[in-house]
1. In this structure, does Gln258 turn out to be assigned to a loop (DSSP other than H, G, I, E, B), more than 27 Å from Lys484 (Cα to Cα), open to solvent by 50 Å² or more (accessible area, probe 1.4 Å) and out of contact with any helix residue (DSSP H, G or I) (no Cβ under 7 Å at 6 or more places or on another chain)?
2. Sort out which residues of segment 478-489 are open to solvent by 10 Å² or more (accessible area, probe 1.4 Å) and among the hydrophobic types (A, V, I, L, M, F, W, C), and write them in order of number.
3. Within segment 229-254, can you find the residues that are out of contact with any helix residue (DSSP H, G or I) (no Cβ under 7 Å at 6 or more places or on another chain), within 15 Å of Glu304 (Cβ to Cβ) and open to solvent by less than 80 Å² (accessible area, probe 1.4 Å)?
4. Among the residues of segment 145-177, write down those that are in a helix (DSSP H, G or I) and either among the basic types (Lys, Arg) or open to solvent by 60 Å² or more (accessible area, probe 1.4 Å) (or both).
5. What number of residues within segment 414-446 are surrounded by fewer than 16 Cβ atoms within 10 Å (Cβ to Cβ) and in contact with a helix residue (DSSP H, G or I) (Cβ under 6 Å, 6 or more places away or on another chain)?
6. Assess whether Thr65 counts as being polar (S, T, N, Q), within 26 Å of Gln210 (Cβ to Cβ) and surrounded by fewer than 16 Cβ atoms within 10 Å (Cβ to Cβ).
7. Give me the residue from segment 178-196 that is open to solvent by 10 Å² or more (accessible area, probe 1.4 Å) and at pLDDT below 90 and, out of that set, nearest to the chain's Cα centre (by Cα).
8. Which one of these does Met1 not meet: (1) closer than 22 Å to Thr227 by Cα; (2) surrounded by 20 or more Cβ atoms within 10 Å (Cβ to Cβ); (3) among the hydrophobic types (A, V, I, L, M, F, W, C)?
Amino acid sequence: MVSIDALTVEFGGTTLFKDVSFVINPKDRIALMGKNGAGKSTLLKILAGERAATRGSVSAPRDCTICYLPQHLMTEDGRTVFEEASQAFAHLHEMEAEIDAMNAELATRTDYESDDYMALIEKVATVSEKFYSIDMTHFEEDVEKALLGLGFKRSDFNRPTSEFSGGWRMRIELAKLLLKKPDVLLLDEPTNHLDIESIGWLEDFIINSQMAVVVISHDRRFIDNITTRTIEVTLGRIYDYKATYSHYLQLRKERRQQQQKQYDDQQKQIAEAREFIERFKGTYSKTYQVQSKVKWLEKLEIVEVDEEDTSALRLKFPPCPRSGNYPVIAEGVGKSYDGKRVFENASFTIERGDKVAFAGRNGEGKSTMVKAIMKEITHDGALTLGHNVRIGYFAQNSAAMLDEELTVFQTIDDIAVGDVRLQIRNLLGAFMFGGEENQKKVKVLSGGERVRLCMIKLLLEPINLLILDEPTNHLDLKTKDILKQALRDFDGTLIVVSHDRDFLDGLVTKVYEFGDGRVREHLCGINEFLEKKKAEHLS
């Protein structure tokens, strides 16, 4: 359906990837994987026609509809949420007019046996099939289902889009793309702005649709659930397997082990051949065998072993100063904004060493409760921090709040005090900012690099209550796994707000659910909590 042939992308003398070729088939669901900076988003933009490759081509049938959801987009104001989502069907009126025009042309032509006439009939049939597959009489119901599935309430439908944050506008754009039912849907980090329930709805929608999907996501559970093929961009080339990402990792590991064995065996044969040539090159009776081995060496194709990306974050939180038994106690806590109640009468106790998740739909008060614990906002009720509690806080906007004109080194040097100042370069190296990397200005860093820089700031002083609000949005899978292990080893208390089910699985043992103005405690991990929620919806 869509053919990618020998794509090469170069930036200022640096090759991002070279001679990349693959085909997107109908109904393919592809995970486009690779570490930050490997070129995934660039490749997606080329597929969407938003930028050009240095060399190579992308070709698709003329009637193939490709829709693209970027990580960041500019949206227009002037419509309500429902009106904006309904724009998904604007193209159908154009399609209807095109069908009418082609039918009118068929009615007047008499060259019934010509190739052009048959091609026109075929085109009318193709466009008509696509047009009538979308039931215009129920489009309002389809719009409603999409908006509700992505987390909007009916009371939001008639609100202007200008009243919503960038994340919610992204959901409107996603709803429009899904409603268009394209042949190929390109998604760049679609879960970053979704909560756990909306991610589940999107998974079901994609699995039950007929479209081909190419998705970039650092949400392992999401991509494993929806995709059947993995294309990994790494070190300038691609690896393409008909397998989920987790299965692919295992297959690639096995493939590399086989390659290494073949390479080692071949190198042994080469060494033996060279030794034979060197030993008998002057011996008349061995002339034929020597020449034979020389020719064999000349023609030999050396076995290649797939390169491995060995760069890795080294993260370990220092030992915690001891806090009191109950770092956070909430008694009847409530919060309202402009007369609207976010939650009320929230009461809970977080014990020393607890690792808890704040879960629930966006807008139900998770980040608000974090701000209340941080004493950044006023609230009803009492929120008490325990004895000797020292908080380390990563906010959703921490990465955006960094001074863009400072270098990586200056960012840490300006806030480091005491003995840690002697270890700044070692610390930066452990976070993959070694050598010239620490002289980069913050403004040129990727989202993932900025998050890593914020994590360094958390290590500069001893803490025993770590609060992380959506820490994984810009981290690649490898870095997320390292952060998760470091948090499991952290001997303090952890509160994490996250929609990433794989990240939370095995990390938290208690879930506080925010919804319908209440905060409910669940003494279980994230998977058991989600099973409970699913059972509630079915009952």
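1. Details: assigned to a loop (DSSP other than H, G, I, E, B): no; more than 27 Å from Lys484 (Cα to Cα): yes; open to solvent by 50 Å² or more (accessible area, probe 1.4 Å): yes; out of contact with any helix residue (DSSP H, G or I) (no Cβ under 7 Å at 6 or more places or on another chain): yes.
Taking the combined requirement at face value, the residue does not satisfy it.
2. Scanning segment 478-489 gives a single hit, Ile482.
3. Once the filter is applied, which keeps residues that are out of contact with any helix residue (DSSP H, G or I) (no Cβ under 7 Å at 6 or more places or on another chain), within 15 Å of Glu304 (Cβ to Cβ) and open to solvent by less than 80 Å² (accessible area, probe 1.4 Å), segment 229-254 yields Thr234, Gly236, Ile238, Arg252.
4. First, pick out the residues of segment 145-177 that are in a helix (DSSP H, G or I): 145-149, 154-156, 161-163, 166-177.
Those that are in a helix (DSSP H, G or I) and either among the basic types (Lys, Arg) or open to solvent by 60 Å² or more (accessible area, probe 1.4 Å) (or both): Lys145, Arg154, Ser155, Ser162, Glu163, Arg169, Arg171, Lys176.
5. Number of matching residues: 1.
6. On the way: polar (S, T, N, Q): yes; within 26 Å of Gln210 (Cβ to Cβ): yes; surrounded by fewer than 16 Cβ atoms within 10 Å (Cβ to Cβ): yes.
The answer is yes for Thr65.
7. Just the residues of segment 178-196 that are open to solvent by 10 Å² or more (accessible area, probe 1.4 Å), to begin with: 179-181, 183, 189, 192-193, 196.
Retained after the next criterion (residues that are at pLDDT below 90): 179-181, 189, 192-193, 196.
On the way: Leu179: 22, Lys180: 23, Lys181: 22, Glu189: 4, Asn192: 7, His193: 11, Ile196: 14 Å.
This residue is Glu189.
8. Only one criterion in (1) closer than 22 Å to Thr227 by Cα; (2) surrounded by 20 or more Cβ atoms within 10 Å (Cβ to Cβ); (3) among the hydrophobic types (A, V, I, L, M, F, W, C) is unmet by Met1, namely (2).
The values are calculated or read from the model by the stated rules, or taken from the named source; none is laboratory data. Just so you know, these numbers come straight off a predicted model, no measurement behind them. Glycine gets a Cβ as well: all are built from the backbone with ideal geometry, and neighbour counts include every protein chain shown. All accessible areas refer to the heavy atoms of the entire protein, side chains included, with ligands and DNA or RNA removed. Shrake-Rupley method; radii C 1.70, N 1.55, O 1.52, S 1.80 Å.
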